[in-house]
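Reading through the structure tokens given below for one structure.
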Amino acid sequence: MADTPNHDRQDDYATFVSLLARYDQQIRRFIAMLMHSSDAVDDVMQETAIECWNKFETFTGQGDPDEPEEFVRWANVIARYKVLSWQRDRARDRLVFQEELVHLLADTVHDEWDRLESERQAVQACLQKLPPRQRQLVLSVHSPGQSVADVARQTGQKPRRLYTVLNGLRKQLLLCVQDRITVQASQ
Amino acid sequence: MTAAPHELIDAALDGRISEADFARLQDAMLHDAELRLAYLRANNLHQAIREQAAFLSAASQSASDDNGSFLPTPALPPSATAIRWPVKLALATGLAFCIASLAYFAGWNASTSNRLTGNSTETLLSGHATLRRSLNINWTDQQSPFQDGQVLPQGKLQFAAGVAEIDFFCGASVVIEGPADLDIVSDWEVTLHTGRLRASVPPAARGFKVNAAETQIVDLGTEFAVVVSDRNADVQVIDGEIRIDGGQLDGTHLLTGQRRSLTHDQPTDSALESILTTKQLQLKYQDALASHWLRWQSATQSIAARDDLIAYYPITSCIQGRTVQNVGPTGSLNDGQIVGPVQVDDGRFPALSSALDFSSPGSRVRTRIDGEFSAFSFTCWVNINRLDNLYNALFMADGYENGEPHWQIRNDGSLMFSVMVDDTQEIKVNTRFEDKPVTDAGLHRVYFTKPVWNDSMRDRWIHLAAVYDLDGRKVSQYVNGELVGEETIPQKFVPQTLRIGGAELGNWGQPFRNSPWFAVRNLNGKIDDMLLLDSALDAQAIRALYQLGKPLGYE
């Protein structure tokens, strides 16, 4: 530690913060992909960020402009293990993925990153193509602090009916997203 | 009774999955790379929507005092300004209704009951099962088609493709995949000649029998599958126990997981478990319904943007409190107002769309549409319980003044469309209630079709259209996209102009001036999707509207 001058650590910190600020959302998305519930994503993200800082010396890329996402790849390795340890702590809760599946999912996310990213970007345009009321519905159930049960109660609908509608709308969105990236790919 | 793994993904992401289903999903994902990708794509979509919602929520919170929710505006109680129809009118129509009710019970109740106790009602009640749900059914030429919810009588049921779920009155339910040929024998028994069948038998229905290949399979509890083709017949117990009577296995009991051929030494069909379960069929059906409905939803958008639109009431998603919204460009100016005991019920896409039920007398939706028009094309979907009244209203201008339309159904099932030509003239009309002709106000002509509805069509959605082509001097009427009546407008009955003014859906606002007899005109049934156009659609355009809006399972 004595070899590391204090000001280096401060420089590192500035670099780290700017990288994290830039890529926070991508890391968060990666974490969310490995967990079926969005509730714990913030917690795991926080633990991942702390661990990234603790291990930042091992990150060798230092933000190479030709490799803008190498930080994400490096951080995602840490994120993967943070997801695993979070799941392990809750292994008694049977609604968490097994370790083997988390690894398989993480590998698939890496392999399919570009496709998933293009699909994600197409979602906004596809939401715009839905009739206004359907768009409102989809957005409202995914709004912060809202759930399908809440929306069902507020609109006086049966949750089961709402799920049916939602699943149909999501299916529609997935098809739209797929169409859009197919068109983009062929252009 | 379990869903396929990919159908569990949304449930997992919505946080409403059971532990057992979660375990199944996880297990399947471990072994199936495609399923993993499907899960990731769905999760990706959920996240993207969530991000978008959070972004918009934050934006709307900072931009205004909005509560950040994207819920449709909550239904407000009708304000004083929203009630365009004064109380005295409601009282007036109420009075007319009382008088007319009296006439109804005193005058022609007897003849109506005679008419309604015909064979069709008896036939409907003499079945053994109901067709609970069907998907992509392709009935054979010999088979008269059944629609979902209909009672199935004793006898043959044949379809070339598709899946049907049948609930027997004993409580057993079977899913049958086509091509299928079966005989419904009784509440407790079915004979399978060809097809793939899965029977679920609750304790109350223990003893339910499936006959196949000269063998009787008697259920002793829960679930089994039978597959019969022209070469072989196999049976497998999925859960529980069955007994086999007759044939080469006479007296054999089979338990969970056991499979036998009824015709050969070895079972040949290896896909018995793949027959859809009730739950799987339900999910598939809901998916098909949802995408069908979504197609319709986007069609309504383009209809609402038509140049020739007078008003359009899709009903679904357009009921705000007691207001039935017009989605055409004139907007709230032509909104409808619910008056009386109108019920909002399932429309022609069950659980997804809504319709208005006018079956309680006094039910009505009032609107006002000003302006002059050059033609009328009216279309709507109706689901009629009974033609209780002599005339049963679809869309009726109040009073009946010059240029105003009346669209209704006579109690013999004939469609009627008319426009008042000269309301100052008096004409004599023969009615079945009075010996001598009744004086009727105004010169008008009613264009009737042959009867197109009878009691056997209860609970079925039908598409009706009437086209009043003033320039072409022609009135055309359609049922389910097919022309059922066409007449020339005689010169004497050509009105100067067309207008609507005050009008009602599902009832009539004001009785004939000198005769209260026909004032009870509420439609005993449901109306879904009322479209009023200022143009004369041709047969092709009407057929296109039918095709766009038809319920799942319609040809």
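The values are calculated or read from the model by the stated rules, or taken from the named source; none is laboratory data. Just so we're clear, the structure is a prediction, and the values are computed from it rather than from any experiment. When we count neighbours, we look across all protein chains shown, and the Cβ atoms used for this are built from the backbone with ideal geometry, even at glycine. These area figures cover heavy atoms from the full protein model, side chains too; ligands, DNA and RNA do not enter into them. Shrake-Rupley method; radii C 1.70, N 1.55, O 1.52, S 1.80 Å.
Could you list the square roots of 5 times each eigenvalue of the Cα gyration tensor of chain A, that is, the equivalent ellipsoid semi-axes, sorted largest first and rounded to whole Å? Let's see the in-between values first.
Working: eigenvalues 257, 92, 50 Å².
Equivalent-ellipsoid dimensions as semi-axes: 36, 21, 16 Å.
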| Hey, can you list the residues from region A:132-166 whose accessible area shrinks by 30 Å² or more with all protein chains present, relative to the chain by itself (probe 1.4 Å, no ligands or nucleic acids)? | A:Arg133, A:Gln134, A:Gln136, A:Leu139, A:Ser140, A:His142, A:Ser143, A:Pro144, A:Arg161, A:Tyr163, A:Thr164, A:Val165
| request: Please list the non-local residues whose amide H lies under 5 Å from the amide H of B:Gln320, H modeled 1.01 Å from N, same-chain partners needing a gap of 5 or more. | output: B:Gln325
| request: Please work out how much accessible surface A:Ser140 shows to a 1.4 Å probe, ignoring ligands, DNA and RNA, in Å² rounded to 10. | output: 0
| said: Probe radius 1.4 Å, ligands and nucleic acids ignored: give me the carbon and sulfur share of the accessible area of region A:74-116 as a rounded percent. | reply: 45
| message | I want to check the label-to-label distance for B:Gln491 and B:Ala20. Put each point 7 Å from Cα in the C-beta direction and report it in nm to one decimal. | response | 7.9
| said: Taking the 0 to 90 degree range and rounding to the nearest ten, how far is the long axis of helix A:132-141 tilted relative to the main principal axis of chain A, both from C-alpha atoms? | reply: 50
| field | Spin-label zone in region B:186-206 - amide nitrogen under 19 Å from a point set 7 Å from the Cα of B:Asp239 along the C-beta vector | value | B:197-206
| note | If the chain between A:Asp12 and A:His110 were fully extended at 0.36 nm per residue, the gain over the current Cα-Cα distance would be 32.6 nm
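Run the dipole for region B:307-549 about the Cα centre, Lys and Arg Cβ at +1, Asp and Glu Cβ at -1, nothing else charged, and hand back the magnitude in debye, nearest 20. If you can, show how the numbers build up before the last one.
On the way: 22 positive and 31 negative charges, 103 e Å.
With only Lys, Arg, Asp and Glu charged at Cβ, the dipole is about 500 debye.
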| Solvent-free Debye scattering, log10 I(q)/I(0), computed from the Cα coordinates of region B:161-234 at q = 0.12 Å⁻¹ | -0.26
| request: Spit out the partnerless Cys residues in chain A, using Cβ distances under 4.7 Å as the pairing rule. | output: A:Cys52
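Which entries in B:Lys156/B:Lys284; B:Lys526/B:Lys550; A:Lys55/A:Lys82; B:Lys156/B:Lys209; A:Lys129/A:Lys171; B:Lys450/B:Lys474 show an alpha-carbon gap greater than 19 Å?
Numbers: B:Lys156/B:Lys284 26 Å; B:Lys526/B:Lys550 15 Å; A:Lys55/A:Lys82 13 Å; B:Lys156/B:Lys209 16 Å; A:Lys129/A:Lys171 14 Å; B:Lys450/B:Lys474 17 Å.
Correct reply: B:Lys156/B:Lys284.
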| Ratio of Rg to Rh for region B:120-190, alpha carbon only, Kirkwood? | 0.93
| request: Note down, for region B:126-276, the three equivalent ellipsoid semi-axes (square root of 5 times each alpha carbon gyration tensor eigenvalue), biggest first, whole angstrom. | output: 23, 17, 13
| Where does each of B:His264, A:His103 land when they are ordered by accessible area, with a 1.4 Å probe and the largest first? | B:His264, A:His103
| note | Per residue convex hull volume, Cα only, region B:307-549, in Å³ is 116
| request: Would you calculate the separation in nanometres between label points at A:Ser37 and B:Ala38, each defined as 7 Å from the Cα along the Cα-to-beta-carbon direction? | output: 2.4
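Evaluate the charge dipole of region A:114-187 about its Cα centre and quote only its size in Debye, nearest 20, assuming +1 on the Cβ of each Lys and Arg and -1 on the Cβ of each Asp and Glu. The partial results should precede the final answer.
Working: 12 positive and 5 negative charges, 86 e Å.
In debye, rounded to 20, region A:114-187 gives about 420.
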| task | Round to the nearest 0.05 the FRET efficiency obtained for B:Met457 and A:Thr155 when R0 = 22 Å and r is the Cβ-Cβ distance. | result | 0.10
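How big is the charge dipole of region B:126-276 about its Cα centre, in debye rounded to the nearest 20, if each Lys and Arg gets +1 on its Cβ and each Asp and Glu gets -1 on its Cβ?
Values: 11 positive and 21 negative charges, 30 e Å.
About 140 debye.
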| remark: To the nearest 10 degrees, the tilt of helix A:159-186 (Cα long axis) against the first principal axis of the alpha carbons of chain A is 60
| request: Would you please give the residues with an amide H less than 5 Å from that of B:Glu482, counting only those at least 5 places away or on a separate chain, with H modeled from the backbone geometry? | output: none
| query | Looking at region B:126-276, what % of its DSSP beta bridges pair antiparallel, to the nearest 5? | reply | 95
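In percent, how large is the relative contact order of chain A, given Cα pairs closer than 8 Å and 6 or more residues apart?
Numbers: 108 pairs, mean separation 33.4, N = 187.
Relative contact order here is 18 percent.
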| task | List, in order, the whole-Hz ³J(HN,Hα) value for each residue of region B:312-328 obtained from phi through the Karplus relation with A = 6.51, B = -1.76, C = 1.60 and θ = phi - 60°; use x for Gly and Pro. | result | 9, 10, x, 6, 4, 6, 10, 10, 10, x, 9, 9, 9, 6, 8, 9, x
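To the nearest 0.05, how large is the calculated FRET efficiency for A:Gln121 and B:Gln147 if R₀ is 60 Å and r is the Cβ-Cβ distance?
Working: r = 44 Å, r/R0 = 0.73.
For A:Gln121 and B:Gln147, the calculated efficiency is 0.85.
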